[in-house]
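**Student:** Please see the structure below; I have some questions.
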Amino acid sequence: MATFLDIHPENPQPRLIAQVVDALRDGALIAYPTSSGYALGATLGNAEAKERMIRIRKLDAKHDFTLVCRDFAEMGQLVQLSNAAFRAVKAATPGPYTFILPATGEVPRKLVHPKKKTVGVRLDTHPVARAIVEALGEPLLSTSLILPDQEEPFTYGWAVKEELDHLVDIVIDAESVEPRPTTVVDFTEGYPEVVRVGSGDTERFEA
């Protein structure tokens, strides 16, 4: 049965954030709020939690997992950025974007797309998500919490608890979050390709 934590959506309680981080370091899989709806999260080296994410969402090998970073400097350690990509990504972060970029050796091989050798990265703006990665001190492996029979991620913690009570370890409730998917921009080929139109403005990435 998942632990249910009620965390303030604007001023997260440090004691509860520390509880979440301790659980993550012990191998927990969490369901947490982001600026684009609920997501599943775990530490980068937690291969078992990654497999649980795959089973819950029924993901295939083509899925690009996302690394939620503390800041742009941390993001830059995980992905390869050309000068043009550097300027474009830095100008758009933090914000409602996920960027798919070639991974560096800092990313565990099992988290990298098997063919493209890429990974998704983002800087989230939700106070709870930001507090978790700040306290964790490293990127959070993440994927949107969209079940196979759904089109949008969960928006309430209690709904996640009802649906996934025995499949995750912690559910964080932080009031309702809007299911506003990020705009996904793929820089794999060296230029921006918008592969999913979400809440982020796409004009800055259009020729």
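**Student:** If the Cβ limit is 6 Å and pairs must be 6+ apart or interchain, which residue in the stretch 178-195 that is among the charged types (D, E, K, R) pairs with which residue that is buried (at least 20 other Cβ atoms within 10 Å of the Cβ) and not in a strand (DSSP E or B)?
**Tutor:** Arg180/Ser36
**Student:** Here's something else I'd like to know. If you scan the stretch 109-119, which residues turn out to be surrounded by fewer than 24 Cβ atoms within 10 Å (Cβ to Cβ) and either at negative phi or touching an Asp or Glu at 6+ places or on another chain (Cβ under 6 Å) (or both)? Quick ask: steps written out before the conclusion?
**Tutor:** Step one: of the stretch 109-119, the residues surrounded by fewer than 24 Cβ atoms within 10 Å (Cβ to Cβ) are 109-118.
Residues satisfying the conditions are Arg109, Lys110, Leu111, Val112, His113, Pro114, Lys115, Lys116, Thr118.
**Student:** Looking only at the stretch 27-38, which residues are modelled with pLDDT of 95 or more and either open to solvent by 10 Å² or more (accessible area, probe 1.4 Å) or small (Gly, Ala, Ser) (or both)?
**Tutor:** Gly27, Ala28, Ala31, listed by residue number.
**Student:** Output the qualifying pairs, or none if there are none: Cβ atoms under 7 angstrom, residues six or more apart or on different chains, first residue in the stretch 137-155 and under 21 Å from Glu51 (Cβ atoms) and of a type in the set (Val, Ile, Thr), second residue assigned to a loop (DSSP other than H, G, I, E, B) and open to solvent by 20 Å² or more (accessible area, probe 1.4 Å).
**Tutor:** Ile146/Glu152
**Student:** Just need a number here: residues in the stretch 78-108 that are open to solvent by 70 Å² or more (accessible area, probe 1.4 Å) and within 18 Å of Arg130 (Cα to Cα).
**Tutor:** Of the residues in the stretch 78-108, 2 are open to solvent by 70 Å² or more (accessible area, probe 1.4 Å) and within 18 Å of Arg130 (Cα to Cα).
**Student:** Okay, next question. From the list Leu44, Leu24, which residue is surrounded by fewer than 22 Cβ atoms within 10 Å (Cβ to Cβ) and of a type in the set (A, V, I, L, M)? Let's see the steps before the verdict.
**Tutor:** Values: Leu24 fails: surrounded by fewer than 22 Cβ atoms within 10 Å (Cβ to Cβ).
Step by step, each of Leu44, Leu24 is checked, and only Leu44 is surrounded by fewer than 22 Cβ atoms within 10 Å (Cβ to Cβ) and of a type in the set (A, V, I, L, M).
**Student:** Assuming Ala131 fulfils every condition listed in (1) open to solvent by less than 30 Å² (accessible area, probe 1.4 Å); (2) more than 30 Å from Asp6 (Cβ to Cβ) apart from one, which condition is it?
**Tutor:** (2)
**Student:** Could you check how many residues of the stretch 171-186 are within 23 Å of Lys50 (Cα to Cα) and open to solvent by 10 Å² or more (accessible area, probe 1.4 Å)?
**Tutor:** 5
**Student:** Let me ask you something else. Counting only residues that are among the acidic types (Asp, Glu) and open to solvent by less than 100 Å² (accessible area, probe 1.4 Å), how many does the stretch 187-207 have?
**Tutor:** As a first pass, look at the stretch 187-207 and keep what is among the acidic types (Asp, Glu): 189, 193, 201, 203, 206.
If we keep only those that are open to solvent by less than 100 Å² (accessible area, probe 1.4 Å) as well, we get 193, 201.
Qualifying residue count, the stretch 187-207: 2.
**Student:** Quick one: how many residues across the stretch 65-77 are β-branched (Val, Ile, Thr) and surrounded by fewer than 21 Cβ atoms within 10 Å (Cβ to Cβ)? Walk me through how you get there before you give the answer.
**Tutor:** Within the stretch 65-77, the subset β-branched (Val, Ile, Thr) is 66, 68.
Those left that are additionally surrounded by fewer than 21 Cβ atoms within 10 Å (Cβ to Cβ): none.
Going through the stretch 65-77 one residue at a time, the tally reaches 0.
**Student:** Something else: Just to be sure, is Arg122 in contact (Cβ under 8 Å) with a residue 12 or more places away in the chain, among the basic types (Lys, Arg) and open to solvent by less than 30 Å² (accessible area, probe 1.4 Å)? Full working, then the answer.
**Tutor:** Details: in contact (Cβ under 8 Å) with a residue 12 or more places away in the chain: yes; among the basic types (Lys, Arg): yes; open to solvent by less than 30 Å² (accessible area, probe 1.4 Å): yes.
In short, yes.
The values are calculated or read from the model by the stated rules, or taken from the named source; none is laboratory data. Just so we're clear, the structure is a prediction, and the values are computed from it rather than from any experiment. As a convention, Cβ positions derive from the backbone with ideal geometry for all residues, glycine included, and neighbour counts pool all protein chains shown. These accessible areas exclude ligands, DNA and RNA; they are computed on the full protein's heavy atoms, side chains included. Shrake-Rupley method; radii C 1.70, N 1.55, O 1.52, S 1.80 Å.
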